[in-house]
Amino acid sequence: MSGRIPVSVLGATGTVGQKFVRLLADHPWFEVAAVAASSASAGKRYGDVVRWREPVPIPERIAGLTVQESAPPLPGPIVFGALDAEVAGPIEQAFARAGQYVVTNTRNHRMEADVPLLIPEANLDHLALMDRQRDRGWPGAILANPNCSTAALVLALAPLHQAFGIEKLFVSTMQAVSGAGYPGVASLDIVGNVVPYIGNEEEKIERESRKILGTLGPAGVTPAEFAVSAHTNRVPTIDGHLMTVSVGFRRRVTPDDALAALRAFPANPRVACLPSSPTPPVEVETRMDRPQPRLDLERGRGMAVTVGRVRPCPILDLRLALLGHNTIRGAAGQAVQIAELLVAEGRVDRPA
Ligand code: NAP
(Lines give C-alpha, C1' and ligand atoms only; values in the text may rest on other atoms or scores of the structure.)
Protein backbone atom coordinates (compact mmCIF):
# COMPACT_ATOMS: atom_id res chain seq x y z
CA MET A 1 0.00 0.00 0.00
CA SER A 2 2.56 2.55 -1.24
CA GLY A 3 4.37 3.00 2.09
CA ARG A 4 1.27 4.22 3.89
CA ILE A 5 -0.44 2.53 6.86
CA PRO A 6 -3.59 0.61 5.89
CA VAL A 7 -6.70 1.60 7.87
CA SER A 8 -10.36 0.55 7.86
CA VAL A 9 -13.48 2.71 8.29
CA LEU A 10 -16.61 1.37 10.06
CA GLY A 11 -19.83 3.16 9.14
CA ALA A 12 -18.15 4.44 5.98
CA THR A 13 -21.47 5.09 4.22
CA GLY A 14 -22.72 7.56 6.88
CA THR A 15 -22.17 11.30 7.38
CA VAL A 16 -19.05 10.88 9.51
CA GLY A 17 -17.86 7.86 7.51
CA GLN A 18 -17.88 9.91 4.31
CA LYS A 19 -15.85 12.62 6.02
CA PHE A 20 -13.29 9.95 6.96
CA VAL A 21 -13.14 8.78 3.35
CA ARG A 22 -12.61 12.33 2.13
CA LEU A 23 -9.97 13.23 4.75
CA LEU A 24 -8.07 9.95 4.34
CA ALA A 25 -8.10 9.96 0.53
CA ASP A 26 -4.87 11.94 0.30
CA HIS A 27 -3.53 11.48 3.82
CA PRO A 28 0.28 11.41 4.04
CA TRP A 29 0.44 8.47 6.51
CA PHE A 30 -2.78 6.45 6.05
CA GLU A 31 -4.51 4.67 3.20
CA VAL A 32 -8.09 3.36 3.31
CA ALA A 33 -7.83 -0.41 2.85
CA ALA A 34 -11.43 -1.32 3.70
CA VAL A 35 -14.81 0.36 4.13
CA ALA A 36 -17.52 -1.33 6.21
CA ALA A 37 -21.17 -0.63 7.03
CA SER A 38 -24.41 -2.56 7.68
CA SER A 39 -25.27 -5.92 6.10
CA ALA A 40 -27.58 -4.01 3.75
CA SER A 41 -24.54 -2.28 2.20
CA ALA A 42 -22.01 -5.12 2.53
CA GLY A 43 -20.99 -6.83 -0.70
CA LYS A 44 -21.83 -3.78 -2.81
CA ARG A 45 -19.46 -1.32 -4.47
CA TYR A 46 -18.93 1.67 -2.13
CA GLY A 47 -19.53 4.19 -4.92
CA ASP A 48 -22.88 2.57 -5.70
CA VAL A 49 -24.24 2.25 -2.18
CA VAL A 50 -23.07 5.46 -0.47
CA ARG A 51 -25.36 8.52 -0.57
CA TRP A 52 -22.33 10.77 -1.07
CA ARG A 53 -22.92 14.25 0.40
CA GLU A 54 -19.40 15.72 0.37
CA PRO A 55 -18.95 18.63 -2.09
CA VAL A 56 -16.12 16.84 -3.96
CA PRO A 57 -16.27 13.67 -6.08
CA ILE A 58 -15.88 10.32 -4.28
CA PRO A 59 -12.19 9.37 -4.36
CA GLU A 60 -12.06 6.99 -7.33
CA ARG A 61 -10.06 4.16 -5.72
CA ILE A 62 -12.29 4.09 -2.65
CA ALA A 63 -15.48 4.23 -4.77
CA GLY A 64 -14.35 0.93 -6.29
CA LEU A 65 -13.93 -0.87 -2.94
CA THR A 66 -16.47 -3.52 -1.95
CA VAL A 67 -18.22 -2.63 1.33
CA GLN A 68 -17.38 -5.15 4.07
CA GLU A 69 -19.38 -6.40 7.03
CA SER A 70 -18.56 -4.44 10.24
CA ALA A 71 -16.75 -7.31 11.95
CA PRO A 72 -13.16 -8.52 12.26
CA PRO A 73 -11.05 -9.23 10.37
CA LEU A 74 -10.56 -5.93 8.58
CA PRO A 75 -7.11 -4.74 7.50
CA GLY A 76 -4.73 -2.41 9.29
CA PRO A 77 -3.68 -1.61 12.84
CA ILE A 78 -6.23 1.25 13.11
CA VAL A 79 -10.01 1.03 12.62
CA PHE A 80 -11.99 4.27 12.54
CA GLY A 81 -15.46 4.06 14.10
CA ALA A 82 -18.50 5.90 12.69
CA LEU A 83 -21.22 3.33 13.30
CA ASP A 84 -24.74 3.91 14.49
CA ALA A 85 -24.40 3.89 18.30
CA GLU A 86 -27.20 1.32 18.58
CA VAL A 87 -24.86 -1.34 17.19
CA ALA A 88 -21.35 0.04 17.76
CA GLY A 89 -20.56 -1.22 21.28
CA PRO A 90 -19.91 -4.95 20.76
CA ILE A 91 -18.48 -4.39 17.27
CA GLU A 92 -15.82 -1.97 18.55
CA GLN A 93 -14.94 -4.35 21.38
CA ALA A 94 -14.49 -7.19 18.89
CA PHE A 95 -11.88 -5.17 16.99
CA ALA A 96 -10.00 -4.26 20.20
CA ARG A 97 -10.08 -7.96 21.15
CA ALA A 98 -8.67 -8.76 17.70
CA GLY A 99 -5.68 -6.49 18.44
CA GLN A 100 -6.66 -3.30 16.61
CA TYR A 101 -6.88 0.28 17.81
CA VAL A 102 -10.43 1.55 17.39
CA VAL A 103 -10.65 5.35 17.22
CA THR A 104 -14.35 5.94 17.55
CA ASN A 105 -16.93 8.69 17.34
CA THR A 106 -19.73 6.77 18.97
CA ARG A 107 -20.90 7.39 22.53
CA ASN A 108 -20.75 3.76 23.67
CA HIS A 109 -17.39 3.59 25.48
CA ARG A 110 -16.63 7.26 26.14
CA MET A 111 -17.28 7.26 29.87
CA GLU A 112 -15.63 3.91 30.67
CA ALA A 113 -12.83 4.31 33.21
CA ASP A 114 -10.11 2.76 31.03
CA VAL A 115 -11.07 4.51 27.77
CA PRO A 116 -9.30 7.77 26.97
CA LEU A 117 -11.73 10.50 25.90
CA LEU A 118 -9.40 12.67 23.93
CA ILE A 119 -8.90 16.15 22.57
CA PRO A 120 -5.18 15.93 21.87
CA GLU A 121 -4.47 19.64 22.48
CA ALA A 122 -6.37 19.55 25.80
CA ASN A 123 -5.61 16.22 27.51
CA LEU A 124 -2.76 14.44 25.76
CA ASP A 125 -1.75 12.78 29.05
CA HIS A 126 -5.04 10.81 29.10
CA LEU A 127 -3.77 8.74 26.16
CA ALA A 128 -1.99 6.54 28.73
CA LEU A 129 -5.39 5.27 29.93
CA MET A 130 -5.51 2.99 26.88
CA ASP A 131 -2.87 0.73 28.47
CA ARG A 132 -5.36 -0.19 31.21
CA GLN A 133 -7.46 -1.99 28.61
CA ARG A 134 -4.81 -4.74 28.70
CA ASP A 135 -6.59 -5.76 31.93
CA ARG A 136 -9.59 -6.69 29.77
CA GLY A 137 -7.32 -9.12 27.91
CA TRP A 138 -7.38 -6.95 24.78
CA PRO A 139 -4.21 -6.63 22.73
CA GLY A 140 -5.88 -3.67 21.01
CA ALA A 141 -7.77 -0.74 22.54
CA ILE A 142 -10.66 1.68 22.12
CA LEU A 143 -9.93 5.42 22.03
CA ALA A 144 -12.90 7.77 22.03
CA ASN A 145 -13.64 11.14 20.50
CA PRO A 146 -16.05 13.29 22.49
CA ASN A 147 -19.51 14.19 21.31
CA CYS A 148 -19.34 16.81 18.53
CA SER A 149 -20.48 19.83 20.56
CA THR A 150 -18.29 18.83 23.52
CA ALA A 151 -15.22 18.64 21.26
CA ALA A 152 -15.54 22.28 20.18
CA LEU A 153 -16.62 23.56 23.59
CA VAL A 154 -13.81 21.91 25.53
CA LEU A 155 -11.05 22.76 23.06
CA ALA A 156 -12.10 26.44 23.26
CA LEU A 157 -12.33 26.40 27.05
CA ALA A 158 -9.20 24.32 27.79
CA PRO A 159 -6.87 27.36 27.72
CA LEU A 160 -9.15 29.19 30.16
CA HIS A 161 -9.48 26.18 32.47
CA GLN A 162 -5.71 25.66 32.48
CA ALA A 163 -5.05 29.34 33.23
CA PHE A 164 -7.84 30.22 35.68
CA GLY A 165 -9.81 27.12 36.71
CA ILE A 166 -13.44 26.94 35.59
CA GLU A 167 -15.99 26.87 38.41
CA LYS A 168 -19.31 27.24 36.56
CA LEU A 169 -20.25 26.86 32.93
CA PHE A 170 -23.47 27.70 31.13
CA VAL A 171 -23.65 26.82 27.42
CA SER A 172 -26.41 27.18 24.85
CA THR A 173 -25.79 25.46 21.49
CA MET A 174 -26.98 26.06 17.92
CA GLN A 175 -26.20 22.73 16.26
CA ALA A 176 -26.20 22.01 12.53
CA VAL A 177 -28.34 19.29 10.95
CA SER A 178 -25.34 17.18 9.84
CA GLY A 179 -24.82 16.43 13.53
CA ALA A 180 -27.86 14.16 13.35
CA GLY A 181 -26.39 11.96 10.59
CA TYR A 182 -28.19 11.00 7.38
CA PRO A 183 -31.12 11.45 6.75
CA GLY A 184 -31.24 13.03 10.21
CA VAL A 185 -33.93 15.56 11.04
CA ALA A 186 -36.89 15.65 8.62
CA SER A 187 -36.84 18.80 6.47
CA LEU A 188 -40.39 19.72 7.55
CA ASP A 189 -39.16 19.79 11.15
CA ILE A 190 -36.07 21.95 10.62
CA VAL A 191 -36.43 24.24 7.57
CA GLY A 192 -37.39 27.68 8.89
CA ASN A 193 -37.41 26.31 12.43
CA VAL A 194 -35.37 25.69 15.58
CA VAL A 195 -35.83 22.56 17.70
CA PRO A 196 -34.90 23.16 21.37
CA TYR A 197 -34.10 19.50 22.07
CA ILE A 198 -31.40 17.02 21.01
CA GLY A 199 -31.74 13.64 22.71
CA ASN A 200 -29.13 13.03 25.45
CA GLU A 201 -26.93 15.86 24.13
CA GLU A 202 -27.08 17.99 27.27
CA GLU A 203 -26.12 15.06 29.47
CA LYS A 204 -23.20 14.20 27.14
CA ILE A 205 -21.83 17.76 27.29
CA GLU A 206 -22.16 17.85 31.07
CA ARG A 207 -20.42 14.48 31.64
CA GLU A 208 -17.81 14.46 28.90
CA SER A 209 -16.48 18.00 29.46
CA ARG A 210 -15.65 17.14 33.07
CA LYS A 211 -13.88 13.89 32.11
CA ILE A 212 -11.78 15.55 29.39
CA LEU A 213 -10.67 18.39 31.67
CA GLY A 214 -10.26 16.00 34.63
CA THR A 215 -7.01 14.90 36.22
CA LEU A 216 -5.37 11.56 35.45
CA GLY A 217 -4.09 9.81 38.56
CA PRO A 218 -3.34 6.26 39.70
CA ALA A 219 -7.09 5.56 40.09
CA GLY A 220 -7.98 6.90 36.64
CA VAL A 221 -9.51 10.24 35.70
CA THR A 222 -10.99 12.39 38.45
CA PRO A 223 -13.54 14.62 36.70
CA ALA A 224 -12.97 18.38 36.82
CA GLU A 225 -15.00 19.92 39.60
CA PHE A 226 -17.13 22.46 37.81
CA ALA A 227 -20.87 22.67 37.34
CA VAL A 228 -22.16 22.60 33.74
CA SER A 229 -25.60 23.66 32.54
CA ALA A 230 -26.13 22.86 28.84
CA HIS A 231 -29.04 23.86 26.60
CA THR A 232 -28.95 22.25 23.15
CA ASN A 233 -30.81 23.37 20.04
CA ARG A 234 -30.95 22.05 16.45
CA VAL A 235 -30.86 24.90 13.90
CA PRO A 236 -31.15 24.86 10.08
CA THR A 237 -27.44 25.20 9.26
CA ILE A 238 -25.76 22.28 7.45
CA ASP A 239 -22.40 22.07 9.22
CA GLY A 240 -20.91 23.72 12.31
CA HIS A 241 -22.00 24.01 15.91
CA LEU A 242 -22.16 27.59 17.24
CA MET A 243 -22.37 28.04 21.03
CA THR A 244 -22.83 30.91 23.44
CA VAL A 245 -21.19 30.45 26.80
CA SER A 246 -21.08 32.13 30.21
CA VAL A 247 -18.28 30.97 32.44
CA GLY A 248 -17.26 31.59 36.04
CA PHE A 249 -13.72 31.06 37.34
CA ARG A 250 -12.07 30.39 40.68
CA ARG A 251 -10.66 33.92 40.56
CA ARG A 252 -11.57 37.17 38.88
CA VAL A 253 -10.78 37.09 35.13
CA THR A 254 -11.08 40.06 32.77
CA PRO A 255 -11.73 39.79 29.02
CA ASP A 256 -8.13 40.85 28.39
CA ASP A 257 -6.86 38.06 30.69
CA ALA A 258 -8.99 35.55 28.78
CA LEU A 259 -7.92 36.81 25.35
CA ALA A 260 -4.26 36.59 26.40
CA ALA A 261 -4.74 32.99 27.62
CA LEU A 262 -6.57 31.96 24.45
CA ARG A 263 -3.89 33.49 22.22
CA ALA A 264 -1.05 31.95 24.24
CA PHE A 265 -2.57 28.44 24.39
CA PRO A 266 0.58 26.35 24.20
CA ALA A 267 0.72 23.94 21.27
CA ASN A 268 2.29 20.81 22.75
CA PRO A 269 5.00 19.90 20.20
CA ARG A 270 3.92 16.22 20.34
CA VAL A 271 0.51 17.34 19.02
CA ALA A 272 1.45 20.38 16.95
CA CYS A 273 3.65 18.23 14.69
CA LEU A 274 0.76 15.99 13.55
CA PRO A 275 -0.48 16.45 9.96
CA SER A 276 -4.08 17.19 11.07
CA SER A 277 -3.20 19.60 13.89
CA PRO A 278 -4.18 23.20 13.17
CA THR A 279 -1.97 26.14 14.12
CA PRO A 280 -3.31 27.63 16.28
CA PRO A 281 -5.99 25.21 17.54
CA VAL A 282 -8.00 28.10 19.02
CA GLU A 283 -8.46 31.17 16.83
CA VAL A 284 -9.55 34.44 18.43
CA GLU A 285 -11.97 36.79 16.65
CA THR A 286 -12.43 40.39 17.73
CA ARG A 287 -15.09 41.40 15.18
CA MET A 288 -18.31 41.69 17.17
CA ASP A 289 -20.49 39.61 14.81
CA ARG A 290 -18.14 36.60 14.60
CA PRO A 291 -17.71 33.64 14.60
CA GLN A 292 -20.35 32.60 12.06
CA PRO A 293 -20.75 29.11 10.54
CA ARG A 294 -20.72 30.38 6.95
CA LEU A 295 -17.61 32.51 7.40
CA ASP A 296 -15.44 30.75 9.97
CA LEU A 297 -16.10 27.02 9.77
CA GLU A 298 -13.15 26.02 7.61
CA ARG A 299 -10.48 27.63 9.78
CA GLY A 300 -7.59 25.24 10.32
CA ARG A 301 -9.20 23.00 7.65
CA GLY A 302 -12.13 22.51 10.02
CA MET A 303 -9.87 21.53 12.93
CA ALA A 304 -9.60 24.95 14.63
CA VAL A 305 -12.29 26.36 16.90
CA THR A 306 -13.02 30.06 16.72
CA VAL A 307 -13.75 32.09 19.85
CA GLY A 308 -15.23 35.59 19.74
CA ARG A 309 -17.34 38.11 21.64
CA VAL A 310 -15.26 37.72 24.80
CA ARG A 311 -16.84 40.19 27.21
CA PRO A 312 -17.88 40.56 30.86
CA CYS A 313 -20.91 38.63 32.13
CA PRO A 314 -23.14 40.22 34.80
CA ILE A 315 -23.99 36.79 36.25
CA LEU A 316 -20.78 34.74 35.88
CA ASP A 317 -17.37 36.22 34.97
CA LEU A 318 -17.22 36.16 31.17
CA ARG A 319 -19.37 35.58 28.10
CA LEU A 320 -18.17 34.37 24.71
CA ALA A 321 -19.26 32.70 21.48
CA LEU A 322 -17.48 29.76 19.87
CA LEU A 323 -17.75 27.71 16.70
CA GLY A 324 -16.44 24.27 15.73
CA HIS A 325 -16.88 21.95 12.75
CA ASN A 326 -18.97 19.02 14.00
CA THR A 327 -17.90 16.39 11.47
CA ILE A 328 -14.21 17.47 11.33
CA ARG A 329 -13.05 18.66 14.79
CA GLY A 330 -16.13 17.03 16.33
CA ALA A 331 -15.70 13.68 14.58
CA ALA A 332 -13.60 12.40 11.66
CA GLY A 333 -10.86 15.05 11.61
CA GLN A 334 -10.03 14.67 15.28
CA ALA A 335 -10.20 10.86 15.06
CA VAL A 336 -7.60 11.02 12.29
CA GLN A 337 -5.51 13.33 14.48
CA ILE A 338 -5.71 10.77 17.35
CA ALA A 339 -4.60 8.02 14.95
CA GLU A 340 -1.67 10.21 13.88
CA LEU A 341 -0.81 10.55 17.57
CA LEU A 342 -0.70 6.76 17.91
CA VAL A 343 1.82 6.66 15.08
CA ALA A 344 3.88 9.61 16.32
CA GLU A 345 4.02 8.13 19.84
CA GLY A 346 5.33 4.83 18.45
CA ARG A 347 2.23 2.79 19.32
CA VAL A 348 1.64 1.97 15.65
CA ASP A 349 4.59 1.13 13.42
CA ARG A 350 5.20 3.05 10.24
CA PRO A 351 5.81 0.84 7.19
CA ALA A 352 9.52 0.24 6.58
P1 NAP B 1 -25.24 8.04 9.94
O2 NAP B 1 -25.07 9.05 8.86
O3 NAP B 1 -26.59 7.66 10.35
O4 NAP B 1 -24.37 6.72 9.56
C5 NAP B 1 -24.49 5.53 10.31
C6 NAP B 1 -23.56 4.45 9.78
O7 NAP B 1 -23.77 3.27 10.59
C8 NAP B 1 -23.82 4.04 8.33
O9 NAP B 1 -22.60 3.77 7.70
C10 NAP B 1 -24.64 2.76 8.46
O11 NAP B 1 -24.46 1.87 7.37
C12 NAP B 1 -24.01 2.16 9.70
N13 NAP B 1 -24.92 1.20 10.33
C14 NAP B 1 -26.21 1.36 10.68
N15 NAP B 1 -26.72 0.23 11.21
C16 NAP B 1 -25.72 -0.70 11.17
C17 NAP B 1 -25.62 -2.05 11.58
N18 NAP B 1 -26.67 -2.71 12.11
N19 NAP B 1 -24.43 -2.69 11.42
C20 NAP B 1 -23.37 -2.03 10.89
N21 NAP B 1 -23.42 -0.74 10.47
C22 NAP B 1 -24.57 -0.07 10.63
O23 NAP B 1 -24.55 8.58 11.30
P24 NAP B 1 -23.32 9.61 11.51
O25 NAP B 1 -23.83 10.98 11.72
O26 NAP B 1 -22.30 9.38 10.45
O27 NAP B 1 -22.79 9.16 12.92
C28 NAP B 1 -22.02 7.97 13.10
C29 NAP B 1 -21.64 7.88 14.57
O30 NAP B 1 -20.84 9.03 14.94
C31 NAP B 1 -22.87 7.92 15.51
O32 NAP B 1 -22.62 7.10 16.61
C33 NAP B 1 -22.96 9.38 15.91
O34 NAP B 1 -23.60 9.57 17.14
C35 NAP B 1 -21.49 9.76 15.98
N36 NAP B 1 -21.16 11.18 15.75
C37 NAP B 1 -21.74 11.89 14.73
C38 NAP B 1 -21.36 13.22 14.52
C39 NAP B 1 -21.97 14.07 13.44
O40 NAP B 1 -21.67 15.29 13.41
N41 NAP B 1 -22.79 13.53 12.53
C42 NAP B 1 -20.39 13.80 15.33
C43 NAP B 1 -19.81 13.05 16.36
C44 NAP B 1 -20.21 11.75 16.55
P45 NAP B 1 -25.58 1.68 6.20
O46 NAP B 1 -25.42 2.85 5.28
O47 NAP B 1 -25.20 0.39 5.58
O48 NAP B 1 -26.92 1.66 6.90
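The values are calculated or read from the model by the stated rules, or taken from the named source; none is laboratory data. Fair warning: this is a prediction, and the values are worked out from it, not measured in the lab. Glycine also receives a Cβ, built like all others from the backbone with ideal geometry; neighbour counts cover every protein chain displayed. Accessible surface areas use protein heavy atoms only, side chains included; no ligands, DNA or RNA. Shrake-Rupley method; radii C 1.70, N 1.55, O 1.52, S 1.80 Å.
Here is how the numbers come out for the structure above:
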| quantity | calculated |
| --- | --- |
| Filter result for SER8 (within 15 Å of the ligand (Cβ to nearest atom), of a type in the set (S, T, N, Q), open to solvent by less than 20 Å² (accessible area, probe 1.4 Å) and in contact with a helix residue (DSSP H, G or I) (Cβ under 8 Å, 6 or more places away or on another chain)) | no |
| Only listed residue being at pLDDT 95 or above, part of a strand (DSSP E or B) and of a type in the set (Ser, Thr, Tyr), chosen from THR237, THR244 | THR244 |
| Wholly within the stretch 250-352, helices (runs of 4 or more DSSP H) carrying at least 2 residues that are within 16 Å of the ligand (Cβ to nearest atom) and open to solvent by less than 60 Å² (accessible area, probe 1.4 Å) | 332-344 |
| Contacts under 8 angstrom Cβ, first residue in the stretch 283-301 being within 20 Å of PHE265 (Cβ to Cβ), partner among the hydrophobic types (A, V, I, L, M, F, W, C) and in a loop (DSSP other than H, G, I, E, B), 6 or more apart | GLU283/ALA304; ARG301/ILE328 |
| Number of the condition not met by ASN193 [criteria: (1) in contact with a strand residue (DSSP E or B) (Cβ under 8 Å, 6 or more places away or on another chain); (2) in contact (Cβ under 8 Å) with a residue 40 or more places away in the chain] | (1) |
| Spans of helices (runs of 4 or more DSSP H) in the stretch 99-202 with at least 3 residues aromatic (Phe, Trp, Tyr) and in contact with a helix residue (DSSP H, G or I) (Cβ under 9 Å, 6 or more places away or on another chain) | none |
| Among the residues listed as GLY89, GLY3, the single one being free of Cβ contacts under 8 Å to residues at least 24 places away in the same chain and either within 27 Å of MET130 (Cα to Cα) or outside the structural domain of GLY137 (by TED's automatic domain parsing) (or both) | GLY89 |
| Candidate set: the stretch 86-99, residues that are near the ligand (Cβ under 9 Å from one of its atoms) and open to solvent by 20 Å² or more (accessible area, probe 1.4 Å); chosen: the one nearest to LEU127 (Cα to Cα) | ILE91 |
| Criterion (more than 26 Å from ARG134 (Cβ to Cβ) and open to solvent by less than 50 Å² (accessible area, probe 1.4 Å)) met by exactly one of VAL102, VAL32 | VAL32 |
| Some residue of the stretch 122-140 being among the aliphatic types (A, V, I, L, M) and either within 16 Å of the ligand (Cβ to nearest atom) or not assigned by TED's automatic domain parsing to the domain that holds SER38 (or both) | no |
| Single residue of VAL67, VAL79 found to be within 30 Å of GLY199 (Cβ to Cβ), within 9 Å of the ligand (Cβ to nearest atom) and either surrounded by 16 or more Cβ atoms within 10 Å (Cβ to Cβ) or touching a residue at least 40 places away in the same chain (Cβ under 8 Å) (or both) | VAL67 |
